[in-house]
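One structure below.
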Amino acid sequence: MILAISLLMTSGPVISPVARDRIKGLITQSVEEGAELLLDGRNASVASLPDGNWVGPTVLKGKRENVGYK
């Protein structure tokens, strides 16, 4: 498997605080269930937009399929 990450990659905010918290919870659950966290976007922020619902790029490795997100 080849993993390429572009330094030009951008992302926008998640739609709501509830959605952001759900995504962060799924990342945490995946790690607790054995996934290796290669890139953690849970603490992403943008100084000029402090009220945004940010989740940065996240890369998980070794997670079983269909566990966590249902």
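None of the figures in this text is laboratory data; all of them are computed from the coordinates on show. If you're wondering where the values come from, they're calculated on a predicted model, not measured in any experiment. Cβ sites come from the backbone with ideal geometry, for glycine too, and all protein chains shown count toward neighbours.
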Next on the checklist: Under the rule of at least 5 residues apart or a separate chain, name every residue whose amide H is placed under 5 Å from the amide H of Trp54.
Outcome noted: Val14
Item to check | Burial order of peptide ranges 25-36, 43-54 (average beta-carbon count within 10 Å, highest first) | outcome: 25-36, 43-54
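Would you mind calculating the gained length between Lys61 and Asp21 on full extension (0.36 nm times residue separation, minus the Cα-Cα distance), in nm to one decimal? Intermediate results must be reported in sequence, preceding the final value.
On the way: separation 40, 0.36 × 40 = 14.40 nm, distance 2.10 nm.
In short, 12.3 nm is gained.
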